[in-house]
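Heads up: the structure comes next, in structure tokens.
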Amino acid sequence: MGRAHFQLLCRSRIDYEHEHMNISTVKQLARAEGFHAVGITPFTISAEAEKHFFDWRAKGYAAEMKFIAGYEARRDRFLEEIGWAKSVIALGVNYYQESQDEIRKANKKDFSPDFRNRASATGKIARYAWGEDYHKVIRRRHEKLIRKFSGAFASGARFYSSVDTQPVFEREMARRAGLGFIGKQSQLLSLEFGPWLFLSEIFTDLELEPDTPYAGSCGTCRLCVDHCPTGAIQNNYEVNSTQCISYLTIEHPGEIPPEIQPKMKNWFFGCDECLTICPYTAKARPTDWEEFRASEEKSAQWVGPDDILSIKSQGEFRRKFGHRALARIRLKQAVRNMKIVIQNSAES
Ligand code: B12
């Protein structure tokens, strides 16, 4: 074996060692920062996923979401901005918590009259919005993590934080990075945390060895499809947002079609029906991120009619809910949602 060949061998051995060290460093630092799931995948926008997206949009399943309508322009601007990215560090944060009524059921405690009255005429909030706004919380943790990455890696390595709002398919990236598989309710399902992971990414120009995409499936299970109160989940991994309670209570700007209103139960903001019914929720355990834990504050998991109908201005609404994901809606939508909650609880 010639000298050159031997040097090449050593060189690739060193590169491999170096790379391997890089990946374990990335994962150790991410876990040390509290992230519950971490995986690596090359930075690409897969044609298959985009085709899936365009087919879904062409069916009108994006309803009135303007940011989805403007996907192509947003994507091109984004790719211009971070065309230098080579790898995606896909991150998952568990945000699961038991709800008050689950705790009471578990403790076989009877529902107090106050609780029952409140429970029947009160609006439910989806778990992802019980604590502080996850965009702000995760961005703060990303900044700390990126500082650690910058310290650990060759100077000049570049990092870019992304949580929810970028024109990338976070679930698809998480699947490719090995965090789990995509369920029929189109949630990323983790074997460890079920559907209860917030997804986020740190893009980098480091060439990191990718993890193996997760190849699981729902098989014949269709619990979410059958349980969705409005039949929004098509039995092909697509959600028709025009019927989805989460879309209607959060993203939908105008009046909600009268034929759907009675099916929305007492969901005031978001909806967890297709997540709680999922068999993978049996694996879920409460999060250790304090920022997401429902404070004792009365309106963490529920809001009462007075909590909303007494608010006089958009400013007051923002002051009351601005620190939470509820800030995504305006007072007009909040009043609309609460009127449907009151209407439905009167009929139940
Ligand atoms: C638009 C949007 C919505 C819309 C539309 C939802 C939908 N199902 O598409 C509405 C407002 C309804 C919504 C609701 C919710 N959302 Co939302 N939402 C998004 C957002 C911003 C974009 C998703 C998107 O592009 N949807 C369009 C469809 C076509 O794309 P997709 O479902 O992601 O599927 C892609 C891939 O998964 C892949 N794919 C999917 N299925 C299949 C199947 C095959 C065979 C193939 C080949 C490919 C493929 O291709 C698709 C296109 O890339 C993402 C953040 C992000 N940037 O990704 C958050 C996000 C998906 N939402 C999230 C959450 C938590 C929710 C809610 C649970 C909140 C709540 N409790 O009310 C609900 C759940 C409703 C549901 N069952 O999806 C989380 C999901 C986390 C997870 N573990 O999966 C995300 C990732 C935000 C985050 N950063 O954590 N959401």
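From the list THR242, THR281, which one is closer than 27 Å to VAL93 by Cα, assigned to a helix (DSSP H, G or I) and either of a type in the set (Val, Ile, Thr) or within 25 Å of the chain's Cα centre (by Cα) (or both)?
The match here is THR281.
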> From the set of residues in the range 49-79 that are within 22 Å of ILE89 (Cβ to Cβ) and within 7 Å of the ligand (Cβ to nearest atom), which is surrounded by the fewest Cβ atoms within 10 Å (Cβ to Cβ)?
Replying inline: GLU50
> Within the range 265-272, can one find any residue that is within 24 Å of the chain's Cα centre (by Cα), open to solvent by less than 50 Å² (accessible area, probe 1.4 Å) and more than 12 Å from the ligand (Cβ to nearest atom)?
Replying inline: yes
> Is there a residue being within 13 Å of the ligand (Cβ to nearest atom) and out of contact with any Gly (no Cβ under 9 Å at 6 or more places or on another chain) anywhere in the range 278-300?
Replying inline: no
> ILE23 is checked against (1) touching a strand residue (DSSP E or B) at 6+ places or on another chain (Cβ under 7 Å); (2) among the β-branched types (Val, Ile, Thr); (3) at pLDDT 95 or above and fails just one. What number does that condition carry?
Replying inline: (3)
> What pairs can you find where one residue is in the range 56-83 and in contact (Cβ under 8 Å) with a residue 60 or more places away in the chain, the other is surrounded by 16 or more Cβ atoms within 10 Å (Cβ to Cβ) and among the acidic types (Asp, Glu), and their Cβ atoms are less than 7 Å apart, with a gap of 6+ or different chains?
Replying inline: TRP56/GLU238; TYR61/GLU238; MET65/GLU251
>> Of everything in the range 307-340, what is modelled with pLDDT of 95 or more, touching a Lys or Arg at 6+ places or on another chain (Cβ under 8 Å) and either outside any loop (DSSP other than H, G, I, E, B) or aromatic (Phe, Trp, Tyr) (or both)? Give them in sequence order.
In response: GLN314, PHE317
> Taking the condition in a loop (DSSP other than H, G, I, E, B) and without any contact (Cβ under 8 Å) to a residue 60 or more places away in the chain, does SER150 pass?
Replying inline: no
> Out of all the residues in the range 212-224, is one or more open to solvent by 50 Å² or more (accessible area, probe 1.4 Å), within 10 Å of the ligand (Cβ to nearest atom) and more than 22 Å from ASP133 (Cα to Cα)?
Replying inline: yes
> So, of the residues in the range 126-167 that are among the aliphatic types (A, V, I, L, M) and open to solvent by less than 20 Å² (accessible area, probe 1.4 Å), which turns out to be nearest to ILE68 (Cα to Cα)?
Replying inline: VAL163
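The values are calculated or read from the model by the stated rules, or taken from the named source; none is laboratory data. What you are looking at is a predicted structure, and each value in this text was computed from that prediction instead of being measured. Glycine gets a Cβ as well: all are built from the backbone with ideal geometry, and neighbour counts include every protein chain shown. Surface accessibility is based on the protein's heavy atoms, side chains included, excluding ligands, DNA and RNA. Shrake-Rupley method; radii C 1.70, N 1.55, O 1.52, S 1.80 Å.
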